[in-house]
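Written below as structure tokens is the structure these notes are about.
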Amino acid sequence: MDFFNVLILVLDSTVRLSVPLLLACLAGLYSERSGIFDIGLEGKMLAGAFASGAAAAVSGSAWVGLAAAILVSVFLALVHGFASITSRGNQIVSGVAINFVAAGATIILGQAWFSQGGRTPLLTGDGRFGALNLPFAAELRDVPIIGQIYSELLSGHSLLVYFAFFMVPFTWWVLFRTRFGLRLRAVGENPAAVDTAGISVAWLRYRAVICTGILTGVAGTYLALAQNAGFVKDMTAGKGFIALAALIFAKWRPVPAMFACLLFGFLDALSIRLQGSPLPLIGKVPVQFMQALPYILTVILLAGFIGKAIPPRAGGVPYVKER
Amino acid sequence: MAEAAIELIGINKSFGPVRANRDINLEVKRGTIHGIIGENGAGKSTLMSILYGFYQADSGDIRVAGQPVTINTPNDAIAKGIGMVHQHFMLVQNFSVLENVILGMEGEPLLNASIAKARSELERLEREYGLEVDPDAIIEELPVGLQQRVEILKALYRGADILILDEPTGVLTPAEADHLFRILGQLKDEGKTVVLITHKLREIMAITDTVSVMRQGTMVATRTTSETSVEELAELMVGRRVLLHVEKGEAKPGEIKLSVRNLTVRDSRGVTMVKGVSFDVRAGEIVGIAGVAGNGQSELLEAVSGIRRAVSGTVMLEGSPVDVTGAAGPGDLRDRGLAHVPEDRHYMGLILPFEEYENSILGYHDEPQYQKGLFLDIDKARTEAAQQIEKYDIRPPNPRLKTANFSGGNQQKIVLAREMEQDPTVLIVGQPTRGVDVGAIEFIHKRLIAMRDQGKAVLLVSVELDEIRSLSDRILVMFDGRIVGERGPDAGEGELGLLMAGVEAKEAAE
């Protein structure tokens with residue numbers, strides 16, 4: 001039974017830790033499926049986290065925080081869109097620039113506005129997205145196994161967690177069952193086909209990067225207002241890049257993206273759980289190694305286990321009408 | 001005759017300093033197949049892109065069925081019943097046929113209903129025009145001929161009455177091309193208007209009712225096809241008389257320079273493509289290898305030039321063996337006097353983003369003559385490039401221009417100049433005039449004959465039977481990886497055609 005309890009705890013934190021990855025991963029999916037590579041997920045998430053922390057601190061409302069995060073993140077997505085769609089610039093350079101701007105600006109503005117060393121003030125109550133208890137969670141707690149799975153693992157997460165997992169089938173539905181999805185997939189593969197079919201390539205791609213902006217904004221909000229109680233500098237800590245890895249790992253498909261993010265979340269949860277406790281057969285392992293484990297496994301998985309990941313064919317290439 | 005489906009009046013279009021279309025007038029009658037012919041870069045594709053709304057004309061008027069129209073986007077063209085099959089297919093490779101057909105014509109925001117509607121409409125079109133294709137097949141798994149059929153279906157699904165085809169046979173096998181022509185004939189019988197853009201005279205003569213000739217951005221003539229001839233059209237295209245048959249003297253074959261024995265080669269999938277081929281090429285002769293594409297000619301060329309490792313067999317160059325089954329690479333063979341003009345200049349012959357002079361020494365760049373201490377002797381490379389440009393009439397004459405900016409014919413001349421000017425003993429040439437305009441073809445043919453007359457051994461591989469017949473001193477026919485016959489240069493087209501189809505080979509086996 002003890003093992004079962006530990007398992008539930010690890011899985012529970014797996015869910016919490018994979019949500020920002022999942023939101024960022026789906027965000028990247030919209031952009032990259034349309035042919036705009038987005039290495040700036042990290043920066044948009046960070047800017048979103050800061051905006052939500054700051055706005056929630058000032059207004060006292062988590063919803064205002066969420067709105068601010070989406071606004072800022074969509075703005076940065078549009079900057080990336082302008083650079084790569086309208087100006088036909090290099091998408092990697094533009095993405096990296098956004099990451100740098102976000103990393104620097106959040107700290108400077110945070111210090112200037114709140115004077116807490118780049119943090120935003122600690123939030124309480126309505127300033128955060130608190131845990132949401134599913135019906136009968138308390139009553140079912142004592143039912144063996146099922147009760148624990150329901151009340152510990154499924155219940156008691158913030159609204160944004162449920163939103164993130166809802167976005168998985170929703171994204172699948174949008175991509176494969178709607179006109180917008182069909183065109184989105186087409187423009188990432190062969191923009192000339194879309195152009196000659198009489199559809200605007202630029203407008204389609206702009207809508208895709210707006211979707212990306214919204215989702216990275218939610219991801220940032222989750223970090224600042226649900227997982228933490230406020231913005232802390234560099235709080236994304238590479239999650240945007242792990243999300244990109246998950247996206248490649250999932251070959252740009254929504255459901256595999258969810259499993260990839262859960263896997264990375266699980267590795268993260270496991271490394272936290274195993275810190276300091278001796279492993280069977282191996283003995284005590286340095287903390288640093290356990291912390292590095294998710295990243296090491298990321299490299300190994302990406303290097304050897306996914307087979308051929310074919311990105312959208314027009315990805316990274318600005319669309320220019322051929323002469 | 002019937003009324004006009006399309007009228008273009010005074011169309012002008014410039015790209016920067018280049019005037020792609022000058023004061024073009026064109027009238028296409030309803031229910032006819034109208035050919036537009038011209039060399040590469042004559043402005044045919046630009047003109048049709050203007051009609052399809054892909055570009056906007058700088059000035060001029062377009063009338064569809066007598067009504068003046070403005071076509072600013074492909075959507076406008078589609079609305080006027082104009083459909084286009086582009087030279088490079090505008091298909092999404094990993095989509096199904098159905099998804100490609102409905103793209104841009106989905107109707108409502110949700111796909112289910114529109115897909116069902118498209119499926120029944122597609123079935124009707126397939127029945128009506130004999131355009132069978134599995135609606136659920138994925139494009140990248142279809143052969144090019146079928147992909148092109150999807151493009152035609154796309155246009156018809158959009159209600160096209162006027163169908164423009166841009167160089168439709170460039171990627172097709174002869175059988176696929178014949179099938180396409182039958183489909184076009186059927187479309188015409190149904191009252192559709194077809195505009196066929198091509199630079200192949202034979203297609204124009206075979207299928208069109210009327211033909212318009214373009215040269216350097218201007219429309220030079222319009223003729224009724226039955227009242228004109230290949231020679232007249234060729235002259236109109238280039239603006240002077242063209243020698244379609246090269247004049248050459250008697251060959252004076254010398255000693256054997258290249259000798260191939262029992263060569264067996266597999267392709268990258270592991271399929272045996274060349275099955276024990278033997279032949280000799282002597283100094284001062286051109287040996288042509290004829291055959292339908294895909295019968296092992298490409299693999300044979302690659303093995304003999306050292307690009308692909310042979311499974312077994314021997315190759316002797318000037319009497320000494322070449323390790324074709326082992327370590328010999330293209331560089332070794334080049335050092336020993338074997339020059340190779342590859343079949344696909346874009347894939348193997350040139351690096352398109354490089355400047356012309358860089359390509360003119362490519363593959364020879366590590367030879368001592370181009371070294372200056374630790375560095376490349378750039379000045380020498382540029383001087384030589386300039387000389388080659390002059391000698392081979394490469395246009396524009398600028399060694400500093402990016403190679404991608406030269407036309408197909410001039411790119412091919414860059415490759416030929418590079419390989420010929422290194423004074424090889426054996427020259428291997430694959431598809432020397434593929435995608436090359438008529439004027440350049442004549443020039444290239446003359447250069448090849450000149451090489452022969454200088455005493456070089458020339459091995460020529462081409463899928464153009466006319467080319468093989470007019471250049472070769474001996475013709476070897478390849479079928480299914482074997483050489484199935486050898487003929488003299490006066491062999492008839494029909495006889496060679498039968499050999500190429502493997503008829504005699506089958507009879508011999510029985």
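The values are calculated or read from the model by the stated rules, or taken from the named source; none is laboratory data. Fair warning: this is a prediction, and the values are worked out from it, not measured in the lab. A quick note on method: Cβ atoms are made from the backbone with ideal geometry, for glycine too, and the neighbour counts reach across all protein chains shown.
Data overview
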| read-out | value |
| --- | --- |
| Unique residue being more than 26 Å from residue A:75 (Cα to Cα), more than 19 Å from the chain's Cα centre (by Cα) and surrounded by 15 or more Cβ atoms within 10 Å (Cβ to Cβ) when the list is A:145, A:107, A:149 | A:149 |
| Which numbered condition residue B:132 misses (of (1) touching a Lys or Arg at 6+ places or on another chain (Cβ under 9 Å); (2) buried (at least 17 other Cβ atoms within 10 Å of the Cβ); (3) away from chain A (no Cβ under 13 Å); (4) not β-branched (Val, Ile, Thr)) | (2) |
| Residue B:298 being more than 24 Å from residue B:264 (Cβ to Cβ) and surrounded by 21 or more Cβ atoms within 10 Å (Cβ to Cβ) | no |
| Residue check for residue A:11: of a type in the set (A, V, I, L, M, F, W, C), more than 30 Å from residue A:199 (Cα to Cα) and touching a Leu at 6+ places or on another chain (Cβ under 8 Å) | yes |
| Qualifying positions in region B:314-336 - more than 32 Å from the chain's Cα centre (by Cα) and assigned to a loop (DSSP other than H, G, I, E, B) | B:318, B:319, B:323, B:326, B:327 |
| Residues that are buried (at least 24 other Cβ atoms within 10 Å of the Cβ) and more than 14 Å from the chain's Cα centre (by Cα), drawn from region A:231-254 | A:231 |
| Number of positions in region B:301-313 that are part of a loop (DSSP other than H, G, I, E, B), of a type in the set (D, E, K, R) and surrounded by 17 or more Cβ atoms within 10 Å (Cβ to Cβ) | 1 |
| Single residue of A:208, A:186, A:257 found to be within 14 Å of chain B (Cβ to nearest Cβ), in contact with a helix residue (DSSP H, G or I) (Cβ under 6 Å, 6 or more places away or on another chain) and either at pLDDT 95 or above or buried (at least 18 other Cβ atoms within 10 Å of the Cβ) (or both) | A:186 |
| Region A:73-98, residues that are among the β-branched types (Val, Ile, Thr) and in contact with a Lys or Arg (Cβ under 8 Å, 6 or more places away or on another chain) | A:85, A:98 |
| From the options A:321, A:284, residue that is of a type in the set (Lys, Arg) and farther than 30 Å from residue A:80 by Cβ | A:284 |
| Qualifying residue in region B:281-292 (condition: touching a residue at least 12 places away in the same chain (Cβ under 8 Å) and either assigned to a helix (DSSP H, G or I) or surrounded by fewer than 15 Cβ atoms within 10 Å (Cβ to Cβ) (or both)) | no |
| Region A:171-183: number of residues that are in contact with a Phe, Trp or Tyr (Cβ under 9 Å, 6 or more places away or on another chain) and at the interface with another protein chain (Cβ under 9 Å from one of its Cβ atoms) | 2 |
| Members of region B:55-83 that are facing chain A (nearest Cβ under 7 Å) and more than 13 Å from residue A:194 (Cβ to Cβ) | B:78 |
| Residues of region A:33-57 that turn out to be surrounded by fewer than 24 Cβ atoms within 10 Å (Cβ to Cβ) and out of contact with any Ser or Thr (no Cβ under 9 Å at 6 or more places or on another chain), as a count | 0 |
| Top-ranked residue of region B:101-125 - restricted to ones that are among the β-branched types (Val, Ile, Thr) and under 34 Å from the mean Cα position of the chain (by Cα), ranked as nearest to the other protein chains (Cβ to nearest Cβ) | B:102 |
| Leading residue by the ranking (nearest to the other protein chains (Cβ to nearest Cβ)) among those in region B:88-100 that are closer than 27 Å to residue B:46 by Cβ, surrounded by 15 or more Cβ atoms within 10 Å (Cβ to Cβ) and not β-branched (Val, Ile, Thr) | B:90 |
| Enumeration of residues in region A:195-205 that are within 14 Å of chain B (Cβ to nearest Cβ) and touching a residue at least 12 places away in the same chain (Cβ under 8 Å) | A:195, A:199, A:201, A:202, A:204 |
| Residue under evaluation residue A:87, criteria (1) touching a residue at least 12 places away in the same chain (Cβ under 8 Å); (2) over 22 Å from residue A:234 (Cα atoms), criterion not met | (1) |
| Qualifying residue in region B:128-135 (condition: at pLDDT 90 or above and of a type in the set (Phe, Trp, Tyr)) | no |
| Residue A:82 surrounded by 14 or more Cβ atoms within 10 Å (Cβ to Cβ) and without any contact (Cβ under 8 Å) to a residue 40 or more places away in the chain | yes |
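Residues checked against (1) charged (D, E, K, R); (2) at pLDDT 90 or above; (3) farther than 21 Å from residue B:333 by Cα:
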site: B:343; (1), (2), (3): yes, no, no
site: B:361; (1), (2), (3): no, yes, no
site: B:368; (1), (2), (3): no, no, no
site: B:375; (1), (2), (3): no, yes, yes
site: B:378; (1), (2), (3): no, yes, yes
site: B:381; (1), (2), (3): no, yes, yes
site: B:388; (1), (2), (3): no, yes, yes
site: B:396; (1), (2), (3): no, no, yes
